Amino acid sequence: MAKIAPSVLGADFSRLGEEIKSADKAGVEILHLDIMDGHFVPNISFGPAIVRTIDDISGAYLDVHLMLSEPEKYFEDFVKAGADCITFHYQVHPEPKPYVKQLRDLGVGAGYSINPDIEVEKVLSYLEHFDLLLLMSVYPGFGGQKFIRSVLPKISTAREYIDKHNLSTVIAVDGGIDAGNAAEVAAAGADWLVMGTAFFSSDDRRGLVEMVNKL
Ligand code: DX5
Ligand code: ZN
C-alpha cells in the first residue's frame with residue numbers, strides 16, 4: 001500500500017489554513033514541506049514560521065524537504081517548528097553520517113535525497129542510517145514540472161536493496177506525480193508519492209488519497 005504526501009508548495013497560499021484542513025479532511029497522513037533557499041535551488045519558498053503554522057493546524061506527519069546549501073544550520077529551527085522528519089540532499093552532504101547524528105539527537109527522522117542526475121548506487125550503502133530515501137523525479141526548485149521517467153529503475157534498485165537488507169527505509173518519490181503515473185511509481189517500489197500540483201488542483205482530494213492507498 002502506497003501513501004500520498006501532498007506538497008504544500010502546490011497549495012493556494014492565500015487560503016493556506018483551509019488548504020491544510022482540506023488535506024486533513026481528505027485523509028492525508030503525511031504533508032511534504034518544500035524549503036528552498038534561493039541558493040541550492042533557484043527559488044525561495046517558506047521557512048520555519050509557516051511550518052509551525054501548518055503544525056498547529058494539521059495532525060499530519062510533517063516531512064520537511066530541505067533544499068538548502070547548509071541544511072544543518074536550520075535543523076533545530078525546523079524541529080522546533082514541528083518537523084517529524086528532515087531530508088537533506090546528497091549533493092550538499094555526500095558524507096551524511098554526522099548530519100544524521102544531529103537529526104537523531106534532535107529526535108526526528110532523517111531523510112536523504114538525490115537529484116535526477118545522481119545514480120542511486122551512490123547512496124545505497126548509507127540507507128541503513130536513514131528513515132527515508134527521497135528520489136527526485138524533477139530537478140528541485142519548482143512545482144508543476146514534468147516527471148522524469150529515469151527515476152523508475154532507481155526506485156526498483158532501491159526497493160531491491162532495502163528488501164534484501166531488511167531495512168525499514170521508506171522510499172518517497174518527488175516531482176511531477178499525478179493520477180496518470182502514480183501506479184507505475186508505486187509498482188516500481190515507492191512507498192510515498194509526493195504530489196503537489198496534482199493534489200491541490202484536484203477537486204476530488206479524497207478520491208486521490210484513496211486511489212494511492214490502493215496502489
Ligand atoms: C520540487 C519539490 C517538489 C515539488 C512537488 O522542488 O521538491 O516537492 O514541488 O510538486 P509537483 O507535484 O507539482 O511536482
Ligand atoms: Zn519536495
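The values are calculated or read from the model by the stated rules, or taken from the named source; none is laboratory data. None of the values given here were measured: they were computed from a predicted structure. A quick note on method: Cβ atoms are made from the backbone with ideal geometry, for glycine too, and the neighbour counts reach across all protein chains shown. These area figures cover heavy atoms from the full protein model, side chains too; ligands, DNA and RNA do not enter into them. Shrake-Rupley method; radii C 1.70, N 1.55, O 1.52, S 1.80 Å.
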Original post:
Which one is modelled with the lowest pLDDT among residues in the stretch 135-146 that are out of contact with any Pro (no Cβ under 6 Å at 6 or more places or on another chain) and buried (at least 19 other Cβ atoms within 10 Å of the Cβ)?
Top reply: 143
Original post:
Just checking, which of 172, 187, 158 is open to solvent by less than 60 Å² (accessible area, probe 1.4 Å) and either out of contact with any helix residue (DSSP H, G or I) (no Cβ under 6 Å at 6 or more places or on another chain) or at positive phi (or both)?
Top reply: 172
**OP:** Kindly check whether there is at least one residue in the stretch 168-189 that is of a type in the set (D, E, K, R), within 16 Å of ligand 2 (Cβ to nearest atom) and under 23 Å from residue 94 (Cα atoms).
**Re:** yes
Original post:
Are any of the residues in the stretch 117-132 of a type in the set (Asp, Glu) and touching a residue at least 40 places away in the same chain (Cβ under 8 Å)?
Top reply: yes
Original post:
Is one or more of the residues making up the stretch 3-18 at pLDDT 95 or above, open to solvent by 30 Å² or more (accessible area, probe 1.4 Å), within 16 Å of ligand 1 (Cβ to nearest atom) and among the aliphatic types (A, V, I, L, M)?
Top reply: yes
**OP:** Could you tell me whether the stretch 203-210 includes any residue that is without any contact (Cβ under 8 Å) to a residue 12 or more places away in the chain and open to solvent by 30 Å² or more (accessible area, probe 1.4 Å)?
**Re:** yes
**OP:** Search the stretch 178-215 for residues being among the β-branched types (Val, Ile, Thr) and closer than 21 Å to residue 25 by Cα, and hand back the single one that is nearest to the chain's Cα centre (by Cα).
**Re:** 194
Original post:
Within the stretch 190-202, which residues are buried (at least 17 other Cβ atoms within 10 Å of the Cβ) and of a type in the set (Gly, Ala, Ser)?
Top reply: 190, 196, 198, 202
**OP:** Go through 211, 195 for me and flag whichever is of a type in the set (A, V, I, L, M, F, W, C) and away from ligand 2 (no atom under 16 Å from the Cβ).
**Re:** 211
